């Protein structure tokens, strides 16, 4: 059961994904590129909490957050198994993660924006589907017209890959988290993944509002 303040909407449950989803989605931003600490939304309260310090050399390369009223559960896990041919994959039980490219600098996280998905990474973290959608901020002067991953170029794509393959490593720890990107997909598949995460949310929570 989720709870949120009478005065502050819970960013996961109390904010609508948007009437034009999955082509245009609302995003709640948890981390900005200047953050050296990884924040995430506390599922019970809806407030941002400190998750862990980031490696200094591994700062998030763009705005990072999640799509409200989505969930990586049964449909997302089954889709990952269908695409990879693997078995035993389940959704990670979190809202759908998304990285949003923008030319603008934002000093703090904890805000909403509108984003256009252009692709994604099929990421598997300890046998859990943990997809990362890549999007551009609607109306952005540089990235706003992009509509697929070919628009952003290989160097930017490699930077995004590197972040997601290493961002869960704890500073000073010899143990490395077993995270893999099994494939990179373009816009059409990203929209399908988002749709399945919206279905998973509805199947778990119903209509939150």
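What follows draws every value from the coordinates through simple rules; no lab data is involved. All values reported here derive from a predicted model rather than from experimental measurement. Quick reminder, even Gly has a Cβ in these numbers, built from the backbone with ideal geometry, and neighbours come from all protein chains shown.
The table below gives the values:
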| quantity | calculated |
| --- | --- |
| Residue among 115, 141, 190 with the largest mean-square fluctuation in a Gaussian network model of the chain, springs linking Cα atoms under 10 Å | 141 |
| Calculated FRET value between residue 43 and residue 148, using beta carbons and R₀ = 35 Å, to 0.05 | 0.60 |
| Within a Gaussian network of the chain (alpha carbon springs, distance under 10 Å), most fluctuating of 26, 166, 84 | 84 |
| Segment residue 161-residue 74, length gained on full extension (0.36 nm per residue, minus Cα span) | 28.8 nm |
| The chain: calculated mean residue ellipticity at 222 nm from DSSP helix runs of at least 4, using -39500 (n - 2.57) | -6500 deg cm²/dmol |
| Extension gain, residue 24 back to residue 90 (0.36 nm per residue minus Cα-Cα distance, nm) | 21.2 nm |
| Exposure proxy order (Cβ contacts within 10 Å, fewest to most) of 66, 205 | 205, 66 |
| Relative frequency of Cα-Cα separations exceeding 18 Å in segment 65-209, percent | 58 percent |
| Cα gyration tensor shape of segment 9-83, rounded if a/c is under 1.5, else prolate or oblate by comparing a/b with b/c | prolate |
